[in-house]
Amino acid sequence: MMISAPTQPYKTARPRKLITLLACMFGGAILAAGAALLREAQDDRFSSAEQVAYLLDLPVLASFEKRPSRPPLELIAFGGHE
C-alpha cells in the first residue's frame, strides 16, 4: 500500500559555499589561536635575565639582549649611524 506518490522538490539542494567557507575560516582561526597559546604555555625556556635572577637568586652579570635591526628614528632624522 502506497500512502502518497513521491514528488519533485521545488528547488534542488545545493551546498552553501559562503557559509561553509566562513565557518571553516572561523574554526581554523580558533584552533590556530588555541594551538599558539598552548605552545606558549608549555614553553619553559627563559626569555629575560630577570627570570634567571629570580629563579637562581643570584645577580646576572651579563646578558645578550636582542637589538633592533634598524637604527632609532632620532639617528635617522639627523643622518647619524650607530
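The values are calculated or read from the model by the stated rules, or taken from the named source; none is laboratory data. Fair warning: this is a prediction, and the values are worked out from it, not measured in the lab. A quick note on method: Cβ atoms are made from the backbone with ideal geometry, for glycine too, and the neighbour counts reach across all protein chains shown.
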Next item on the list: Scan (1) farther than 30 Å from GLU65 by Cα; (2) surrounded by 10 or more Cβ atoms within 10 Å (Cβ to Cβ) for the single condition LEU18 breaks and write down its number.
Entry: (2)
Margin query: For the range 1-60, give me each residue that is outside any loop (DSSP other than H, G, I, E, B) and of a type in the set (Gly, Ala, Ser).
Written below: ALA23, GLY27, GLY28, ALA29, ALA32, ALA33, GLY34, ALA35, ALA36, ALA41, ALA49, ALA53
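When the range 1-37 is examined, which residues are found to be charged (D, E, K, R) and at pLDDT 90 or above?
Those that are charged (D, E, K, R) and at pLDDT 90 or above: ARG16, LYS17.
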Notebook entry, point to check: Of the residues ALA41, ALA36, which is closer than 30 Å to GLU65 by Cα and surrounded by 10 or more Cβ atoms within 10 Å (Cβ to Cβ)?
Noted result: ALA36
